[in-house]
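Here's the structure we're looking at; comments come further down.
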Amino acid sequence: MSSMAFPDADAILDRYRLPDDLRDKVHVGLSQLVASLREEPLNATGVAKANAAIDDDLARLQAILDDRARHPEIAEVEIRQPLFILGLPRCGTSLLHALIGSDPQVRTPLQWEIAYPSPPPDARVTEPDPRIDGFEARLREQFAGAYDDLKKAHPFGAMIPQECGSFMSTSFQSSNPCMGYRLPRFYEWFMGIDATFRYEVHKMWLQHLGWRSGRKHWVLKIQEHMYKMPALLSVYPDAVFVQSHRDPTTVIPSVSQLIRSLREPSYDGQDLQALGREMAHLWHDGSVCSMRYRAEHPDAPVIDIRYRDLVADPVQTIGGIYRHFGWEFTPQSAEGILGWLRENPSGKHGEHRYSLDDFGLTETYVRDVYADYTETYREYL
């Protein structure tokens, strides 16, 4: 890949007005990302998508900084006892996020808010925000022919809760780019950092979105929190966690199919066996990090749940999570969950098909990789 396809980090950052200290922190990760992208055999679409994503991340970071300068009170917003959903991908974390987010007490980041953060959303305004219009068209343009397949595998839409990766990526300390591209250099660098800066940026986003929200609890979700729990807790010392569990032999082919679809427009061809092995080990890395942290901190505020329990009885499962952390589970909480389930039946966008064979994997291979995870959480699988 020609270096001309991706400008140097300094040239990219010169387009923006980040304060020097913030620019220096962003520069480190951005340099690693650019170097890794230059090593990838991306097609023209992939190069354009990657450059656009970098600019989008920096533009959104600049936007919330500008709003913060105009409204200094945003920096005073308190974030109390945020709940972070952990777990392997495809084990009900998105479902859990959406169901808890249907509770009128709860605040989750919505996809349109993360895409268009400025000005901050305002719950006092009763009319629909005009930024919601056109968000679906933006997604269709972004993912092209892969969009319908993606909706079978993962929830997309303006009013759907968004994963934290979409705003942690503005710190350039997130593994989120590794979903759209195979980036071994960047991933290796990511594994070695403490990621405190990304949680400082994460908190800026929550303060920004929560400034005029008026809701009681924040609920956040993305699997990569498992990699960096010490950094997360250094910024959110009163954070609490729920971790969902599912058999890895089901999880890995499912997430491999999702990543295959995400990467499809950016490559002229993909090595599906390499993709399957990459996904098996990438998510195991996160499990190892979280298992190590939890072993060293047996009193960590984490509740474990079974995926199958969440699917079988979501009201009872979520009520148990609330009670565990001293949150009030109201009749409106239950009504929100049941209403969401009525409006979003399983398979609404079609069936998500996948198999281990598609990615050259076997049950034996996956079970060997996840033997430590399976032994640790056997009662939840």
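Checking each residue in region 12-37 for being assigned to a loop (DSSP other than H, G, I, E, B) and either of a type outside the set (A, V, I, L, M) or under 21 Å from the mean Cα position of the chain (by Cα) (or both) picks out 14, 15, 16, 17, 19. Taking the condition within 26 Å of residue 68 (Cβ to Cβ), small (Gly, Ala, Ser), at pLDDT 95 or above and buried (at least 23 other Cβ atoms within 10 Å of the Cβ), does residue 234 pass? In short, no. Applying the criterion of being in a loop (DSSP other than H, G, I, E, B) and within 14 Å of the chain's Cα centre (by Cα) to the residues of region 92-125, the residue that is farthest from residue 337 (Cα to Cα) is 109.
Evaluation of residue 40 against the conditions (1) surrounded by fewer than 16 Cβ atoms within 10 Å (Cβ to Cβ); (2) in a loop (DSSP other than H, G, I, E, B) shows that the sole unmet condition is (1). For the condition crowded, with 17+ Cβ neighbours inside 10 Å and β-branched (Val, Ile, Thr), residue 93 qualifies. With respect to the conditions (1) touching a residue at least 12 places away in the same chain (Cβ under 8 Å); (2) closer than 18 Å to residue 288 by Cα, residue 192 falls short on a single one, namely (1).
Scanning region 242-253 turns up no residue that is under 17 Å from the mean Cα position of the chain (by Cα), modelled with pLDDT under 95 and hydroxyl-bearing (Ser, Thr, Tyr). Annotation: residue 5 fulfils all but one of (1) at pLDDT 95 or above; (2) under 25 Å from residue 141 (Cβ atoms); the unmet one is (1). For region 168-198: of the residues being among the basic types (Lys, Arg) and closer than 20 Å to residue 41 by Cα, which is nearest to the chain's Cα centre (by Cα)? It comes out as 182.
Condition first: over 30 Å from residue 277 (Cβ atoms), among the acidic types (Asp, Glu) and surrounded by 16 or more Cβ atoms within 10 Å (Cβ to Cβ). Can you find one or more residues in region 327-340 that meet it?
Step one: list which residues in region 327-340 are over 30 Å from residue 277 (Cβ atoms), which gives 327-340.
Then drop every residue that is not among the acidic types (Asp, Glu), which leaves 328, 335.
Pick out the ones that are also surrounded by 16 or more Cβ atoms within 10 Å (Cβ to Cβ) and you get none.
So far as region 327-340 goes, no, none of its residues is over 30 Å from residue 277 (Cβ atoms), among the acidic types (Asp, Glu) and surrounded by 16 or more Cβ atoms within 10 Å (Cβ to Cβ).
The numbered conditions (1) out of contact with any helix residue (DSSP H, G or I) (no Cβ under 7 Å at 6 or more places or on another chain); (2) among the aliphatic types (A, V, I, L, M); (3) within 18 Å of residue 86 (Cβ to Cβ) are all true for residue 274 except (3). Please verify whether residue 295 is modelled with pLDDT of 95 or more, assigned to a loop (DSSP other than H, G, I, E, B) and among the small types (Gly, Ala, Ser), treating the condition exactly as stated. So residue 295 does not fit the description; no.
Counting the residues of region 341-379 that are surrounded by fewer than 17 Cβ atoms within 10 Å (Cβ to Cβ), at pLDDT 95 or above, among the hydroxyl-bearing types (Ser, Thr, Tyr) and not in a helix (DSSP H, G or I) gives 1.
Would you mind finding the one in 293, 322 that is touching a residue at least 24 places away in the same chain (Cβ under 8 Å), surrounded by 13 or more Cβ atoms within 10 Å (Cβ to Cβ) and more than 15 Å from residue 244 (Cβ to Cβ)? Lay out the reasoning, then the answer.
Numbers: 322 fails: touching a residue at least 24 places away in the same chain (Cβ under 8 Å).
The unique qualifying residue is 293.
The values are calculated or read from the model by the stated rules, or taken from the named source; none is laboratory data. These figures come from a predicted structure and were not determined experimentally. Neighbour counts run over all protein chains shown; Cβ positions are idealised from the backbone, glycine included.
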